[in-house]
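The values are calculated or read from the model by the stated rules, or taken from the named source; none is laboratory data. Bear in mind that the values here come from a model prediction, so they are computed numbers and not experimental data. Cβ placement follows ideal geometry from the backbone for every residue including glycine, while neighbour counts extend to all protein chains displayed. Note: accessible area is taken over every heavy atom of the protein model, side chains too, but ligands, DNA and RNA are not part of it. Shrake-Rupley method; radii C 1.70, N 1.55, O 1.52, S 1.80 Å.
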Amino acid sequence: MVVVAAGRMHADELETDEALVHRLLAAQFPQWAELPIEALPAGGTDNAIYRLGDELSVRLPRRRGWATGSLDKELEWLPKLAPLLPFPVPTPVARGAAGEGYPHEWAIYTWLDGEDAASVPLDLPRAAVDLAALLAALGRIDPAGGPPPGNRGGPLRPRDEPTRAAIDALGDAIDAAAVTAAWEAALAAPEWDRPPVWIHGDLDARNLLVRDGRITGVLDWGCACVGDPACDVKVGWAVLDAETRPIFRELLEIDDATWARGRGWALSQAVLALPYYLHTYPVIVQQAWRWLAEALADS
């Protein structure tokens, strides 16, 4: 897996390196301590990721005060969800404890080969079909007992104040009137009133593994929950384009209200990401500009 390098860290992030990973493994999982350790150029926004040998990866939370909720969720649910999904997902192998000067729990996962779709070309017509298959599979999984929505999967309305503040913060860098009008159209759409369904919660190009233009895996399930599928419909703007979004929508038979809320998720996540990551994660900034442009291109 290849991840595009990031910029400077946020002040609340923890520094990690291969030496720390080796010490943690030696103290807690000596059976893997002698395997080669390779730091990826950048992990996700919440985790530093290291390749461990040929078949494993180590994930260390980056943020100080990081709660174990996402780790608990993945350890409990990924083994149950993985057999029901059309693409491989990293599954947890072992859970590590705080130690060696590192303050958080951490985990070892299976390794999936591929490159993220933010850094290599993706066959978009094929991706529209594959992403529809992924959402359809999630929608068929029994939601009973699944985690409730957190900052993803719920209504859009609680995001209104921070979204408007982010629009103001971006100033002349965007067409604030057009973005605000599009956001208000999404807020006006009826809320999801059907039973909740499983959602990934963070579907964009960074979390899709690709080989030869095809999706081969789906990463980062820390936001997974049962809720409004519009949060995942966002992928229509985050990954697809004007020619392939209709394919995705038709295959899933997405109603107008859910489509409007999905566009709202794309807009909101874009404008919130742009000022926050401007000087720290260039790949997210690049992707967020794309989400925003695609969302504004749709009337």
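What to note about this one:
Each row is one residue, and each column tells you yes or no for (1) surrounded by fewer than 15 Cβ atoms within 10 Å (Cβ to Cβ); (2) assigned to a loop (DSSP other than H, G, I, E, B); (3) touching a Lys or Arg at 6+ places or on another chain (Cβ under 7 Å).
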| position | (1), (2), (3) |
| --- | --- |
| 112 | no, yes, no |
| 127 | no, no, no |
| 143 | no, yes, no |
| 152 | no, yes, no |
| 162 | yes, no, no |
| 166 | no, no, no |
| 170 | no, no, no |
| 190 | yes, yes, no |
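- Test result for residue 168, farther than 22 Å from residue 74 by Cα and without any contact (Cβ under 8 Å) to a residue 60 or more places away in the chain: yes
- Failed item in (1) surrounded by fewer than 20 Cβ atoms within 10 Å (Cβ to Cβ); (2) modelled with pLDDT of 95 or more; (3) within 19 Å of residue 275 (Cβ to Cβ); (4) of a type in the set (Gly, Ala, Ser), with residue 133 passing the rest: (3)
- Of all residues in the range 265-283, those satisfying the criterion of being in a helix (DSSP H, G or I) and surrounded by 23 or more Cβ atoms within 10 Å (Cβ to Cβ) are 265, 266, 267, 268, 269, 270, 271.
- Test: residue in the range 80-88 that is closer than 25 Å to residue 149 by Cβ and modelled with pLDDT under 95: no
- Summed over the range 222-264, residues that are free of Cβ contacts under 8 Å to residues at least 60 places away in the same chain, outside any helix (DSSP H, G or I) and open to solvent by less than 10 Å² (accessible area, probe 1.4 Å) total 1.
Residue-by-condition table, conditions (1) closer than 27 Å to residue 288 by Cα; (2) among the β-branched types (Val, Ile, Thr); (3) in contact with a helix residue (DSSP H, G or I) (Cβ under 9 Å, 6 or more places away or on another chain):
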{"residue": "80", "(1), (2), (3)": "no, no, no"}
{"residue": "84", "(1), (2), (3)": "no, no, yes"}
{"residue": "94", "(1), (2), (3)": "no, no, yes"}
{"residue": "103", "(1), (2), (3)": "no, no, no"}
{"residue": "118", "(1), (2), (3)": "yes, no, yes"}
{"residue": "121", "(1), (2), (3)": "yes, no, no"}
{"residue": "125", "(1), (2), (3)": "yes, no, yes"}
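- Verdict on residue 76 being touching a strand residue (DSSP E or B) at 6+ places or on another chain (Cβ under 8 Å) and open to solvent by 20 Å² or more (accessible area, probe 1.4 Å): no
- Among the residues of the range 88-110, those that are among the hydrophobic types (A, V, I, L, M, F, W, C) and either free of Cβ contacts under 8 Å to residues at least 40 places away in the same chain or crowded, with 18+ Cβ neighbours inside 10 Å (or both) comprise 89, 93, 98, 106, 107, 108.
- Here residue 202 meets each of (1) part of a helix (DSSP H, G or I); (2) touching a residue at least 12 places away in the same chain (Cβ under 8 Å) with one exception, condition (1).
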